[in-house]
Amino acid sequence: MTTNGNLAALKQCYERWNETKGGSTEDWLAMMDDKIDFKSLAKAQSPEVSFTARRTCKGEMCGYLSGLLDDWEMEYYRVDDFVVDGDKICVLGKTAWTNKRTGIRAESPKFDYVTFKDGKIVAFYEFYDTAKMIAAAGGMPNATPEGPS
């Protein structure tokens with residue numbers, strides 16, 4: 001797949017992710033290589049966000065996606081910009097999720113750094129406000145998820 005093809009496919013995947021409020025996990029899995037280097041900024045720092053542990057294959061990504069959707073409900077996932085450099089695409093946006101157990105909402109700027117090889121995602125690094133996420137999940141009782149966004 002060409003760089004333009006990678007970008008078009010990724011844009012479509014993010015659009016469906018927002019439209020379905022996380023119900024399009026199969027779209028993401030179809031775009032991923034069997035071997036993937038997935039890192040989430042929270043790095044399973046707290047038991048409440050254990051699903052954010054590093055993942056290295058598509059099978060493990062199923063665990064990430066199910067952990068996310070079991071514990072959180074998406075309000076929105078907005079993408080504002082894509083920056084492309086060959087097979088690497090930076091995705092800038094903002095997202096909001098509510099923790100199903102606590103009922104607390106976490107809204108954050110979102111940055112994803114995605115690397116493609118032969119039309120498949122081989123690396124995906126996501127960056128967001130981990131303090132808000134962990135606080136909303138009940139992992140930091142003295143913190144508040146309601147800060148500047």
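The values are calculated or read from the model by the stated rules, or taken from the named source; none is laboratory data. As the structure is a prediction and not an experimental result, all values here were calculated from the model. Cβ sites come from the backbone with ideal geometry, for glycine too, and all protein chains shown count toward neighbours.
Residue-by-condition table, conditions (1) closer than 18 Å to Phe127 by Cα; (2) among the aliphatic types (A, V, I, L, M):
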| site | (1), (2) |
| --- | --- |
| Lys21 | no, no |
| Ser24 | no, no |
| Leu41 | yes, yes |
| Pro47 | no, no |
| Arg55 | yes, no |
| Lys58 | no, no |
| Asp71 | no, no |
- Query: Is it fair to say Gly103 is within 21 Å of Ala135 (Cα to Cα), modelled with pLDDT of 95 or more and among the small types (Gly, Ala, Ser)?
  - Reply: yes
- Within segment 39-80, work out how many residues are crowded, with 17+ Cβ neighbours inside 10 Å and acidic (Asp, Glu). 2
- Message: Out of the residues in segment 103-128 meeting the condition of being among the small types (Gly, Ala, Ser) and more than 16 Å from the chain's Cα centre (by Cα), tell me which one is surrounded by the most Cβ atoms within 10 Å (Cβ to Cβ).
- Response: Gly119
- Message: Within segment 81-89, does at least one residue satisfy the condition of being closer than 28 Å to Ala135 by Cα, in contact with a strand residue (DSSP E or B) (Cβ under 7 Å, 6 or more places away or on another chain) and either surrounded by 15 or more Cβ atoms within 10 Å (Cβ to Cβ) or in contact (Cβ under 8 Å) with a residue 24 or more places away in the chain (or both)?
- Response: no
- Query: Residues of segment 106-132 being hydroxyl-bearing (Ser, Thr, Tyr) and either modelled with pLDDT under 95 or not in a strand (DSSP E or B) (or both), which ones?
  - Reply: Tyr128, Thr130
